[in-house]
Amino acid sequence: MNIQLIDTKVFSQKNNLTLKLLTQAQLKKAKFKKTLTKAGFDATEGSVCAMHGKSLLFCGIENFEDDNLRAAAASVAKTIKSYNYKSLSIEVNENNITPLIEGLILGGYEFNTYKSKPKKQKIKTIYLTCDDVDALKNLFEEAVILSEATCFTRDIVNTAPDDMYPKMMAKLAKNLAKENNLECKVLGTKELKKENCHAMLAVGRASRHESKLIHLAYKPKNAKKIISLVGKGLTYDSGGLSLKPATSMVTMKMDKAGACAVLGIIKAVSELKLDVEVHAFVGAVENMIGGDAYKPDDVLKSRKGNTIEVRNTDAEGRLVLADVLDYAQDKTKPDYLFDFATLTGACMVALGQYTTGVMGHSSKLKHDLGKASKKAGELTATLPFNKHLKKQLKSEIADICNISNKPYGGAITAGLFLDNFIKEENKDKWLHFDIAGSAYTESPWDVNVHGGTGAGVRFMTEFLKSI
Ligand code: BES
Ligand code: ZN
Ligand code: ZN
């Protein structure tokens, strides 16, 4: 779909549907109140009513705050898919243009790669009409870049695991590097062995696809800060020998969503030309079964040099991240270090499916990140570390165990496992984002449709704009 910003005076209404957002208070005084009420339209959040005789579409909204604008625009984008107009138009101003664009693009998103006959949408263009195009041009372009980067992340998450294995992730990263002028380095088995990434390599050992560590870098000339992003890129998580039950395995193509998020973030940041140096590190691995598989009872030596007792091969993400976090901290001296991972089912139990779990040591950083996510329209909540939960990772035979010895606090113990691989000087610069719930959905909510949501892209880009 094409979105255009256009001067109200030059805009042609021919075969166009005009969108009007209405609060319940506005409905009471509206010109078409009687007709709309007859049609059952009560202007509740997300309700829509078309008046085709007048080429008007009404959408209910609680108030004109960003979250509501985004959600209303998303429900409009879904509604108009079956309409036979040529275009849709809506009047915009500096207060509503950003969330409206995000809602329209993200809510209207479709993943049609595997559909033989995808339904064609008649409405090809959405016109955002305004009095002063020049004044809104920047906001317009920024919102389009961010929304499209989020859709880019969604596309990779949604791609089937046999089409998006580690080598393909590396290929995609190389293409992105070419298009956006980024540096790109890819490490395969040989290089990973040299780097002593034995924990990461163990996870991918039973896969027919070679594991890859991908490093992308965006280095603008006058950058004042360095940010290192690390993403869990399990292109498939079968659980390994601690095999997942059949129903839990479905959707595990999304276990690469952390990697997809960091790729989307570096795409957005480089296109927005933000004045920050950003490094994206991806651990792309497939967790499979076979005679060569790593096993519960194995003891792995991590890149950092400590030993890990494997008690569950389904707690694989933290093993990959252990090595990639260590590598990232050796190769860069970041002002901020963030990792994104669909790490634990426990995070969903704790916070529900809509909220990203935020963990780390610095209260200030957690607070600032919370502010950015609120502004971006993503839900985040902090999960607190404590020394008692840390003890649950104790191993009798190695330095640490890859699972907790108690069934509670699983999202936090996973975060505490990662903490073991954060260097002392980076403790207060680091945050871990568990996007297990927020990265993927099988039922639409807010601006999200079935599949990858692009969780992390909007809040991290907003945070990077704010520093
Ligand atoms: N990739 C999963 C976590 C996950 C579960 C993400 C559901 C999205 C939806 C992760 O690798 C995993 O399997 N974690 C285990 C950890 C356990 C063995 C300690 C889990 O959450 O059950
Ligand atoms: Zn797993
Ligand atoms: Zn996993």
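The values are calculated or read from the model by the stated rules, or taken from the named source; none is laboratory data. Here the structure is a predicted model, which is why all the values come from computation and not from measurement. Positions of Cβ are backbone-derived with ideal geometry, glycine not excepted, and every protein chain shown enters the neighbour counts. Please note that ligands, DNA and RNA were not included when accessible areas were found on the heavy atoms of the full protein model with its side chains. Shrake-Rupley method; radii C 1.70, N 1.55, O 1.52, S 1.80 Å.
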By its C-alpha gyration tensor, with a ≥ b ≥ c as the square roots of the eigenvalues, how is region 383-467 shaped: rounded for a/c under 1.5, else prolate for a/b larger than b/c, else oblate? oblate
For the chain, what number results from the quotient of the Cα radius of gyration and 2.2 N^0.38 Å? 1.03
Computed label-point distance, nm, for sites LYS29 and GLN121 using a 7 Å Cα→Cβ extension: 3.3 nm
Unsatisfied cross-links (Cα-Cα over 31 Å) in the set LYS331/LYS371; LYS31/LYS115; LYS171/LYS394: LYS31/LYS115; LYS171/LYS394
Residue list for region 267-301, given a label point 7 angstrom along the Cα-to-Cβ vector of GLU396 and an amide N cut-off under 18 Å: 296-300
Can you give me the Cα centroid spacing of region 47-116 and region 142-164 in angstrom? 20 Å
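So if we plug the beta-carbon distance of ASP132 and ALA39 into 1/(1 + (r/R0)^6) with R0 = 30 Å, what FRET efficiency do we get, rounded to 0.05?
0.30
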Suppose each label sits 7 Å from its Cα in the direction of the beta carbon; what would the LYS194-LYS86 distance come out to in nanometres? 6.0 nm
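Where the convex hull is taken over the Cα atoms of region 364-417, what is its projected area averaged over directions, in nm²?
So the mean shadow area of the Cα hull is 4.6 nm².
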All lysines inside 21 Å of LYS387 as judged from Cα atoms, apart from same-chain residues fewer than 8 positions distant: LYS364, LYS366, LYS406, LYS423, LYS427, LYS429
When the Kirkwood hydrodynamic radius is evaluated over all pairs of different C-alpha atoms of region 115-177, what value in angstrom, to one decimal, is obtained? 15.1 Å
Where the only charges are on Cβ atoms (+1 Lys, Arg; -1 Asp, Glu), what is the dipole of region 421-467 about its Cα centre, to the nearest 20 debye? 160 debye
Only helices counted: for the chain, with every DSSP H run of 4 or more residues adding -39500 (n - 2.57) and the sum spread over all residues, [θ] at 222 nm is -11000 deg cm²/dmol
Let me have the relative contact order for region 1-142, percent, based on Cα pairs under 8 Å that are six or more residues apart. 33 percent
Taking every DSSP bridge whose two residues both lie in the chain, the antiparallel percent to the nearest 5 is 35 percent
When all alpha-carbon pairs of region 1-60 are counted, what percent fall beyond 19 Å? 36 percent
Carbon and sulfur: what percent of region 1-152's accessible surface (1.4 Å probe)? 50 percent
A correct Kirkwood calculation over the Cα atoms of region 322-424 returns a hydrodynamic radius in Å of 14.8 Å
In whole angstrom, how far apart do the alpha carbon centroids of region 234-280 and region 1-36 sit? 39 Å
Only helices at least 30 Å long along their axis, Cα-based, and averaging 0.0 or more on Kyte-Doolittle count here, so list those DSSP H runs from the chain. 133-158
Which one of ILE105, LEU136, ASN63 is farthest out on the positive end of the charge dipole of region 61-142, using unit charges on Cβ (Lys, Arg +1; Asp, Glu -1) and the Cα centre as origin? ILE105
As a quick test, which of the pairs LYS185/LYS221; LYS225/LYS375; LYS193/LYS225; LYS253/LYS390 have an alpha carbon distance above 28 angstrom in this structure? LYS193/LYS225; LYS253/LYS390
What distance in nm separates the simple spin-label points at ASP67 and LYS54, each placed 7 Å from Cα in the Cβ direction? 3.1 nm
